[in-house]
Amino acid sequence: MPSIILNLNPFIELNDEQFYQLCQNHRDLKFERTAQGELVVVSPVGGEGGGWEADLIGDLVYWNRRTQLGKVFSSSTCFKLPNGADRSPDAAWISSERWQQLTPEQQKKFPPICPDFVIELRSESDALEPLQQKMQEYMNSGVRLGWLVNPQARRVEVYRVNQEKQVLDNPRQLSGEDVLPGFIFDCSVLWRI
């Protein structure tokens, strides 16, 4: 089931604290908020998609534990982006230096920071164009490297700062490049459909 977008304007305009409380009061639902204030109800993924997400996050966590260069976040984390949107990538990473610049209170709630690296994983019910728009929003907000992984097409779109996206068909592996030095993801775990 695709995400549901609710335009509450002009009837209701949630401030940051109200949006945070809405999310806390409905922990069984996953919400995002667009820069225009629209409320996005995000559908849960199925078993196959959840497994792919776990593989991606697991490898990222393992790399980060070895390098101690930053902090890894799951799809349950909502980030307050500079454009006002509240977004939850399927996986994210922030350098230790940037994470430590936030106050403890900012780290506890929806961190007002754009990740350095994000992954969006397309599930079968996701339309591709909204995910591509979300990736562009991340890039415009300060992400340095992003992967839009499309297991159904065996394709990955790689987003980099000040560059056109690169489309990789059936890649064997993905590199964290200079953002995640030494991180290599083996795509064979995704292509086993």
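Among residues belonging to region 40-63 that are in contact with a helix residue (DSSP H, G or I) (Cβ under 9 Å, 6 or more places away or on another chain) and in contact (Cβ under 8 Å) with a residue 12 or more places away in the chain, point out the one that is nearest to residue 154 (Cα to Cα). So, considering only residues that are in contact with a helix residue (DSSP H, G or I) (Cβ under 9 Å, 6 or more places away or on another chain) and in contact (Cβ under 8 Å) with a residue 12 or more places away in the chain, the one nearest to residue 154 (Cα to Cα) is 52. Scan region 84-108 for residues that are touching an Asp or Glu at 6+ places or on another chain (Cβ under 7 Å), within 18 Å of residue 20 (Cα to Cα) and not hydrophobic (A, V, I, L, M, F, W, C) and the total you get is 4.
Of all residues in region 58-83, those satisfying the criterion of being open to solvent by less than 30 Å² (accessible area, probe 1.4 Å) and hydrophobic (A, V, I, L, M, F, W, C) are 60, 63, 73, 78, 79, 81.
Conditions (1) more than 16 Å from the chain's Cα centre (by Cα); (2) modelled with pLDDT of 95 or more, marked per residue:
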position	(1), (2)
129	no, no
142	no, yes
146	no, yes
174	yes, yes
192	yes, no
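The test for being under 27 Å from residue 167 (Cα atoms), touching a residue at least 12 places away in the same chain (Cβ under 8 Å), open to solvent by less than 10 Å² (accessible area, probe 1.4 Å) and acidic (Asp, Glu) holds for residue 86. Return the residues of region 141-163 that are in a loop (DSSP other than H, G, I, E, B) and closer than 24 Å to residue 95 by Cα; say none if nothing qualifies. Result: 142, 143, 144, 161, 162, 163.
When residue 95 is tested against the conditions (1) more than 20 Å from residue 38 (Cβ to Cβ); (2) of a type in the set (Ser, Thr, Tyr); (3) buried (at least 19 other Cβ atoms within 10 Å of the Cβ), the lone failure is (3). Can you say whether residue 156 is surrounded by 13 or more Cβ atoms within 10 Å (Cβ to Cβ), more than 22 Å from residue 83 (Cβ to Cβ) and among the hydrophobic types (A, V, I, L, M, F, W, C), as far as the supplied structure shows? So residue 156 passes the test.
The values are calculated or read from the model by the stated rules, or taken from the named source; none is laboratory data. This one's a predicted model, so the numbers in the text were calculated from it and none came from an experiment. We place every Cβ from the backbone using ideal geometry, glycine too, and count neighbours over all the protein chains shown. For the accessible areas, the whole protein counts, side chains as well, though only heavy atoms, and no ligand, DNA or RNA atoms are used. Shrake-Rupley method; radii C 1.70, N 1.55, O 1.52, S 1.80 Å.
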